[in-house]
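Before any comments, here is the structure.
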Amino acid sequence: MSKVLDKVRKWLGEHVVLVDTISVAPFLSLAVGSYLGAIAADPSNTSLLRVAFAVALLLPLVLRRTLPMTVFTVIAVVAAMQMVSPVGLIVADLALLVALYTVAARGDPVRAVAALVMVEAGFLVALLRSEYVGWDDWDTFALYTCLILLFWVVGLYVKARRRHFAGLEERTRWLERERDARARVAVAEERERIAREMHDVVAHNLSVMVVQAEGATYAIDQDPARAKNALGTIAATGRSALAEVREILGVLREGGDEEEYAPRPGLEQVEQVVERVREAGLPVEFTVDGPRRGLSAGVELAAYRVVQEALTNTLRHAGPEVGRVLVRVRYGEDALELSVRDDGRGGGSVAEVEPEVEPEAGSEAGSGAVDGDGGGHGLIGMRERVSVYGGSVRAGPRADGGFEVVASLPLRSDTG
């Protein structure tokens, strides 16, 4: 029903001259018909002049919404001519009030006030032209003044109401544009999150699988048991990666619910990552300091990904001289601190996470020196993840050799 009304309003707004013509036609026909009937009954009366004034007053109204001030001026001139003629007030004089209403509803305030003053002044002049002005005449003047003000005020009200609705429509359009823009931003953020998750999952698990596969290739002849163990690790790592990818992509399915899949990894799963890296041949020591605290899923995931990315880079770039890798998770009073340190000497340039510390390109670095794709996106991903929760990340070479990644996530009351 509302769509039909909207179409009707739109059509009426696009054909204002036709609508006004249809509105004026009955009144014009009635006035002319009544006066012609009076002429037929008595040809000597002034009905023929009244017909002329009625047509001159009503006919311009077909353009009242197209040319409001021009129509008002024409009708006011006709009314002034009628005032000096022997024709008294006729029903068609209401056209002057309709024109006044149109100017108030569609013209600017100055023209609206000017039109009101013209109508009032003309009516006052017509009153003073009589030879004797009594109390009855002034009562009539007050009555007609109230009628004139009524049409004028109604015009102003319609104008204000039309502007109000126009403002509401514009606000609605603005809110729709803002909603669409927010939807586009949300889609972009979700795509970025999924890409970051996919990068972390694929980079880590494939690194472990590649290292294990290479080890199995060398050991398959000399140590079949060790090669078999490596192949088992590859299978377990592949299944883990597949499960994580299914979890990440599951939310993209139509009607899918993220809760239908395995929960997001957190600090409880860090030990599993450490174990897989150990099986890949990297000596890792894992310690947890301080009492464990319940954290939000977002903080848990960010911490998990930082450790995972740091160990992945260590596995790829720390070199064969790694004596040990220290992974430490510390629950402080105000912050969760994460550190991954190695004593290797990997080749490649250092990609600092913190912008204020930028090591020179080509310096020796450990695990976190270069991301899996060689572009440092993993370290950038760490910074983005941690910065969302107000934390910080520092990655760079250690003074006594090796490389370290240190992250800090503030523990607020709403996450603990």
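The values are calculated or read from the model by the stated rules, or taken from the named source; none is laboratory data. As the structure is a computational prediction, the values presented were derived from the model and not from experiment. In this analysis, Cβ positions are derived from the backbone assuming ideal geometry, glycine residues included, and neighbour counts consider all displayed protein chains.
Does Glu254 meet the test of being modelled with pLDDT under 75, outside the structural domain of Pro410 (by TED's automatic domain parsing) and in a helix (DSSP H, G or I)? Reasoning before the result, please.
Values: modelled with pLDDT under 75: yes; outside the structural domain of Pro410 (by TED's automatic domain parsing): yes; in a helix (DSSP H, G or I): no.
So Glu254 fails the test.
Does Gly155 satisfy the condition of being in a helix (DSSP H, G or I) and touching a helix residue (DSSP H, G or I) at 6+ places or on another chain (Cβ under 7 Å)?
Working: in a helix (DSSP H, G or I): yes; touching a helix residue (DSSP H, G or I) at 6+ places or on another chain (Cβ under 7 Å): yes.
Taking the combined requirement at face value, the residue satisfies it.
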statement: Looking across the range 216-230 at residues that are among the aliphatic types (A, V, I, L, M) and surrounded by 12 or more Cβ atoms within 10 Å (Cβ to Cβ), the single one that is nearest to Ala280 (Cα to Cα) is Ala230
statement: If we keep only residues of the range 259-284 that are exposed (fewer than 14 other Cβ atoms within 10 Å of the Cβ) and within 40 Å of the chain's Cα centre (by Cα), then the residue modelled with the highest pLDDT is Glu268
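Within the range 110-117, is there a residue that is among the charged types (D, E, K, R) and either over 10 Å from Pro68 (Cβ atoms) or not assigned by TED's automatic domain parsing to the domain that holds Val32 (or both)? Let's see the steps before the verdict.
The first filter runs over the range 110-117 and keeps only residues among the charged types (D, E, K, R), leaving 111.
Next cut, either over 10 Å from Pro68 (Cβ atoms) or not assigned by TED's automatic domain parsing to the domain that holds Val32 (or both) only: none.
No, because not a single residue in the range 110-117 is among the charged types (D, E, K, R) and either over 10 Å from Pro68 (Cβ atoms) or not assigned by TED's automatic domain parsing to the domain that holds Val32 (or both).
Condition check: surrounded by 20 or more Cβ atoms within 10 Å (Cβ to Cβ), at pLDDT 80 or above and either outside the structural domain of Leu411 (by TED's automatic domain parsing) or of a type in the set (Ser, Thr, Tyr) (or both). Does Thr287 satisfy that?
Here the answer is no, as Thr287 does not meet what is asked.
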- request: Scan (1) in contact with a Ser or Thr (Cβ under 9 Å, 6 or more places away or on another chain); (2) in a loop (DSSP other than H, G, I, E, B); (3) at pLDDT 85 or above; (4) not aliphatic (A, V, I, L, M) for the single condition Pro60 breaks and write down its number.
  value: (2)
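Can we say Ala318 is crowded, with 21+ Cβ neighbours inside 10 Å, modelled with pLDDT under 70 and out of contact with any Pro (no Cβ under 8 Å at 6 or more places or on another chain)?
On the way: crowded, with 21+ Cβ neighbours inside 10 Å: yes; modelled with pLDDT under 70: yes; out of contact with any Pro (no Cβ under 8 Å at 6 or more places or on another chain): yes.
Criteria met by Ala318.
Please count how many residues of the range 383-395 are of a type outside the set (Phe, Trp, Tyr), in contact (Cβ under 8 Å) with a residue 24 or more places away in the chain and surrounded by fewer than 22 Cβ atoms within 10 Å (Cβ to Cβ).
5
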query: Is one or more of the residues making up the range 97-109 over 30 Å from Ala166 (Cβ atoms) and of a type in the set (S, T, N, Q)?
result: no
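Residues in the range 67-103 that are in a loop (DSSP other than H, G, I, E, B) and surrounded by 15 or more Cβ atoms within 10 Å (Cβ to Cβ): how many? Steps first, please.
Narrowing the range 67-103 to residues in a loop (DSSP other than H, G, I, E, B): 67, 84-90.
Filter once more, so that each one left must be surrounded by 15 or more Cβ atoms within 10 Å (Cβ to Cβ): 87, 90.
Number of matching residues: 2.
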message: Suppose the filter is surrounded by 14 or more Cβ atoms within 10 Å (Cβ to Cβ) and modelled with pLDDT of 80 or more; does Glu244 pass it?
response: no
- prompt: In the range 81-93, is there at least one residue being outside the structural domain of Leu48 (by TED's automatic domain parsing) and modelled with pLDDT under 90?
  reply: no
- request: Just name the residue that is modelled with the lowest pLDDT out of those in the range 124-169 that are over 23 Å from Pro109 (Cα atoms) and of a type in the set (Gly, Ala, Ser).
  value: Gly134
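Filter the range 1-29 down to the residues that are under 25 Å from Arg50 (Cα atoms) and either in contact with a helix residue (DSSP H, G or I) (Cβ under 7 Å, 6 or more places away or on another chain) or surrounded by 11 or more Cβ atoms within 10 Å (Cβ to Cβ) (or both) and list them by number. Let's see the steps before the verdict.
Pass one, the range 1-29, residues under 25 Å from Arg50 (Cα atoms): 20-29.
Of everything in the range 1-29, those that are under 25 Å from Arg50 (Cα atoms) and either in contact with a helix residue (DSSP H, G or I) (Cβ under 7 Å, 6 or more places away or on another chain) or surrounded by 11 or more Cβ atoms within 10 Å (Cβ to Cβ) (or both) turn out to be Asp20, Thr21, Ile22, Ser23, Val24, Ala25, Phe27, Leu28, Ser29.
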